[in-house]
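The values are calculated or read from the model by the stated rules, or taken from the named source; none is laboratory data. Just so it is clear, the model here is predicted, and its values are computed rather than measured. Cβ placement follows ideal geometry from the backbone for every residue including glycine, while neighbour counts extend to all protein chains displayed. Accessible surface is based on the protein model in full, side chains and every heavy atom, while ligands, DNA and RNA are left aside. Shrake-Rupley method; radii C 1.70, N 1.55, O 1.52, S 1.80 Å.
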Amino acid sequence: MSSSSAPQTSSVARFIGRHLDKQFDWHAFPRSAGYPALQRGQMRYIGAGGSPKVDDPNTLPPEHFTLSMIHLPVDHYGASHYHDDCEEIFLMLDGKVTVGMAWGDEVIETFLGPKDMILLPIGRPHGYRNDTAESVRFSVMVGSKQPNMPIYVAHPSQSEYGATFGAAPGKTLKHSPNSDDPRHREFSSYLCRYSQQPVKLHPAGFASRTYVGEGALKASNFREDLIHLPRGVGVKTYCRPVEDAYLVLEGVVTVGWELDGKVVESRLGPKDVILNPAGQPHYFRNEGLEDAQFMLVAGNDPTEQLRFEAR
């Protein structure tokens, strides 16, 4: 590599969050201090999410959304809270987690399995809990570059029923997708099951499932698609007026940037993230030995008419 290209490679690296280079922060949430069952680790990729650690120099700069990962030990939970300024999204990565939403003193719960997603709307109290026999991990997105701090409604300092998100015995309901109860119907409207999402085949040679966007969940500030990228497939350089990010779930994804007439590439493995800034020409391809999957998250741009082309 020539010395003239080295600064370009360095500039791309500044927008990559490597999973192996990061550590979970077990002191990310001040309200968890003194409550062992609330202890969980946060790994920050883009912005600080629901943590006050906005000055972390090891995170990528947020614009329309933040992206982090939660490690939740067995029998631990996140107390019921809501956000008054933006939506929040959980995407299950490893294991199975219980998620609950509250309507008054009653809570509806369901499980999220791998690649399942739930959107938590503004103002709706919600929490999560690990009822399984092993630690679980899921990604968290918040639709703001610096959201207000969460507002707790069933923190253990407020309620003796913190672990059930504020629901007293007999007040927890299992989610029923076929129920006529408007609360269950509303809950269903925020739930995205990986196995149930329609698959779109693109002329560029890859497939996608829309999680947030047209015909799927609705968020104010971003859209999100799961990309299935077969071995040997890639797209031509494209450019957006908003930022987009890739979170690799499976396989290896090669990402390329065009900078000053030159191309710089980097490979991303599972749980690695790249943030492609607004206006930055870039592309992706799979030159690995197996198919790859990654979540593509983009800031909302109502005027965008992006069409991917095969390389």
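Quick notes
- For segment 234-245, putting each phi into the Karplus relation 6.51 cos²θ - 1.76 cosθ + 1.60 with θ = phi - 60° gives couplings of x, 10, 5, 4, 9, 9, 10, x, 10, 6, 9, 9 Hz, in residue order, rounded to whole numbers and with x for Gly and Pro.
- Amide H contacts of GLY234 (H built 1.01 Å from N, under 5 Å, at least 5 apart or other chain): ASN286, ARG311
- A cut-off of 5 Å between modelled amide H atoms, ignoring neighbours fewer than 5 places along the same chain, links TYR211 with GLU224, ASP225, LEU226.
- Positive-pole candidate from LEU120, CYS239, HIS83, dipole of the chain, charges at beta carbon: CYS239
- Per-residue HN-Hα couplings for segment 203-219 [Karplus 6.51, -1.76, 1.60; θ = phi - 60°; Hz; x = Gly/Pro]: x, 6, x, 10, 10, 9, 10, 7, 9, 10, x, 4, x, 9, 5, 10, 10
- Cross-link reach list, lysines versus LYS200, counting only Cα pairs under 21 Å and skipping chain neighbours closer than eight places: LYS115, LYS218, LYS236
- Among 275-286, 297-308, the peptide with the highest mean count of other Cβ atoms within 10 Å heads the list, and the full ranking is 275-286, 297-308.
- Reachable aspartates and glutamates, given that their alpha-carbon falls under 13 Å from the alpha-carbon of LYS171 and they are not under 8 places away in the same chain: ASP105, GLU106, GLU109
- Solvent-accessible area per residue in segment 7-144 equals 37 Å², computed with a 1.4 angstrom probe and all protein chains kept.
- With all protein chains in place and a 1.4 Å probe, the accessible surface of segment 237-285 carries 50 percent carbon and sulfur.
- Relative contact order (percent, whole number), segment 217-311, Cα cutoff 8 Å, 6+ residue spacing: 46
- The helix-only estimate of mean residue ellipticity at 222 nm for the chain, built from DSSP H runs of length n ≥ 4 each weighted as -39500 (n - 2.57), is -1500 deg cm²/dmol after division by the residue total.
- Projected label distance in nm at ARG231 and SER11, using a 7 Å step from Cα toward the beta-carbon: 3.5
- Accessible area of segment 109-196 belonging to carbon and sulfur atoms, whole % at 1.4 Å probe: 49
- Bridging of LYS53 to lysines at a Cα separation below 16 Å is possible for LYS22, LYS145, once same-chain residues fewer than 8 apart are set aside.
- Rounded to the nearest 20, the Cβ-based charge dipole of the chain about its Cα centre (Lys and Arg +1, Asp and Glu -1) stands at 400 debye.
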